[in-house]
Amino acid sequence: MTTLALTTLGAALLACVLAVAGVQALASGRARRQALIDRLAAPGEGALTQDDRNGRPFTTLDRRLRRTRLGRRIHLRLAATGLDLTPGEFAVYAVAGTAGLWLLAATLLAPFFGPLAGVLGVLAANTFLDWQRQRRIEAFIGQLPELSRILANATSAGLALRTALGMAAEEMEAPAGDELTVVANELAVGRSIDESLGELAERLPSRELIVLVTTLVLSHRAGGTIVSSLRNLTETLEERKETRREVRTMLAEVNATAYTIPVLGVGAMLMMNSMSPGSLDQVTGTPAGKIAMIVAVGLFAVGFTVIRRLGKIEV
């Protein structure tokens, strides 16, 4: 056998040995990694969340942020909105959006408007969470008649209230299905119906849900005719749903006006700066000009708030 053939055979054997060793090292590394994840996933300080195991971005920042009071507050607010976001992701997106608004305002208008746009970005992030939470509440309110009907049918068939809530959690879509799943899981581990439904009313506060929760709790405590109560409540919730839709349609123009006024103010400044480049720099270059701009922005904010208050009617 020639020297070339021996060298080739030796190289092939060495490659096979290295391949086997690599496979063994990979399998051993995966086993140690899974063991580490299982150990860190146990309850306690520094436990990995499900988001970490799913490969979510910004996991390191998220773990550190959750240990702070601000992070816990953001986590609770995100949980109420139903968004698929971690506190770390929301913080990164909010900071990036605020920085983008700062740079955009400083570039298109004047450097003076950069900090104002930054403050607006922070307020916009907070308003976004409130809007998503209110949107989830509105969606849940729209599903309450169906929920009441399912509970009435289930209880009239002889099922217990716990079983009826679990059935409703399986049949209904989000957000009612998700919230009722939480309630069903809490009942499965031994929590009382009063506590679980009370926390549900705290997470999604609304008059309709409070009425439904009060009806269920009182009927469960006193053992009254829950079926007839739920059927009457279903008709009432249907009527309130139609009333809320009519009121929302009537106030659509008022709400549109509230958002139009700030847009007109920003558009006027952009037009003025485009017609006379550098004019906003000159205006904000003096103390009097800065005070005038701050007062103008404040008046726009007051107008927006007042119009929104006028267009907010509780049904």
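The values are calculated or read from the model by the stated rules, or taken from the named source; none is laboratory data. The shown structure was predicted, so the numbers you read here are calculated from the model rather than taken from an experiment. As a convention, Cβ positions derive from the backbone with ideal geometry for all residues, glycine included, and neighbour counts pool all protein chains shown. Heavy atoms of the whole protein, side chains included, go into the accessibility calculation; ligands, DNA and RNA do not. Shrake-Rupley method; radii C 1.70, N 1.55, O 1.52, S 1.80 Å.
Within the range 236-254, not a single residue is of a type outside the set (A, V, I, L, M) and over 30 Å from residue 310 (Cβ atoms). Among residues of the range 238-258 that are of a type in the set (D, E, K, R), those with a Cβ under 7 angstrom from a residue that is part of a helix (DSSP H, G or I), sequence gap 6+ or separate chain, pair up as 238/145; 240/208; 241/142; 241/145.
From the list 135, 207, the one residue that fits, being surrounded by fewer than 15 Cβ atoms within 10 Å (Cβ to Cβ), under 18 Å from the mean Cα position of the chain (by Cα) and of a type in the set (D, E, K, R), is 135.
For the range 106-132, a residue qualifies if it is open to solvent by less than 40 Å² (accessible area, probe 1.4 Å) and either more than 28 Å from residue 180 (Cβ to Cβ) or not in a helix (DSSP H, G or I) (or both), and the qualifying residues are 106, 109, 110, 113, 114, 117, 118, 121, 125.
What number of residues within the range 284-308 satisfy the criterion of being over 40 Å from the mean Cα position of the chain (by Cα) and either within 18 Å of residue 120 (Cα to Cα) or in a helix (DSSP H, G or I) (or both)? Residues that pass the stated criteria total 2. Which of the residues spanning the range 267-294 are surrounded by 15 or more Cβ atoms within 10 Å (Cβ to Cβ) and of a type in the set (A, V, I, L, M, F, W, C)? Listed by number, the residues that qualify are 269, 280, 283, 293. Quick check: anything in the range 203-213 without any contact (Cβ under 8 Å) to a residue 60 or more places away in the chain and of a type in the set (Gly, Ala, Ser)? No.
Taking the criterion of being over 33 Å from the mean Cα position of the chain (by Cα) and of a type in the set (Gly, Ala, Ser), the residues of the range 260-283 that qualify are 268, 274, 276, 278, 279. Within the range 189-204, the residues that satisfy the criterion of being farther than 22 Å from residue 226 by Cα and either open to solvent by 60 Å² or more (accessible area, probe 1.4 Å) or of a type in the set (Phe, Trp, Tyr) (or both) are 189, 190, 202, 203.
Pull up the range 149-192, narrow it to residues that are modelled with pLDDT under 85 and polar (S, T, N, Q), then point me to the one that is farthest from residue 81 (Cα to Cα). Restricting to residues being modelled with pLDDT under 85 and polar (S, T, N, Q), the top hit is 156.
Does the range 80-107 hold any residues that are within 24 Å of residue 204 (Cβ to Cβ) and touching a Lys or Arg at 6+ places or on another chain (Cβ under 8 Å), and which are they? Listed by number, the residues that qualify are 80, 81, 82, 86, 87, 89. Just one of (1) polar (S, T, N, Q); (2) at pLDDT 85 or above; (3) open to solvent by less than 90 Å² (accessible area, probe 1.4 Å) fails for residue 49. It is (2). Of the helices (runs of 4 or more DSSP H) lying entirely inside the range 205-281, those containing at least 1 residues that are more than 29 Å from residue 183 (Cβ to Cβ) and at pLDDT below 85 span 226-250, 252-275.
Of everything in the range 80-105 that is assigned to a helix (DSSP H, G or I) and not hydrophobic (A, V, I, L, M, F, W, C), the residue that is surrounded by the most Cβ atoms within 10 Å (Cβ to Cβ) is 87.
Would you check if there is a residue in the range 212-222 being within 15 Å of residue 154 (Cβ to Cβ) and open to solvent by 40 Å² or more (accessible area, probe 1.4 Å)? Yes, some residue in the range 212-222 is within 15 Å of residue 154 (Cβ to Cβ) and open to solvent by 40 Å² or more (accessible area, probe 1.4 Å). Of the residues making up the range 139-183, those that are of a type outside the set (A, V, I, L, M), open to solvent by 60 Å² or more (accessible area, probe 1.4 Å) and free of Cβ contacts under 8 Å to residues at least 40 places away in the same chain are 146, 153, 158, 162, 163, 170, 171, 173.
For the range 63-79, the condition of being in contact with a Gly (Cβ under 8 Å, 6 or more places away or on another chain), in a helix (DSSP H, G or I), modelled with pLDDT of 55 or more and aliphatic (A, V, I, L, M) holds for at least one residue.
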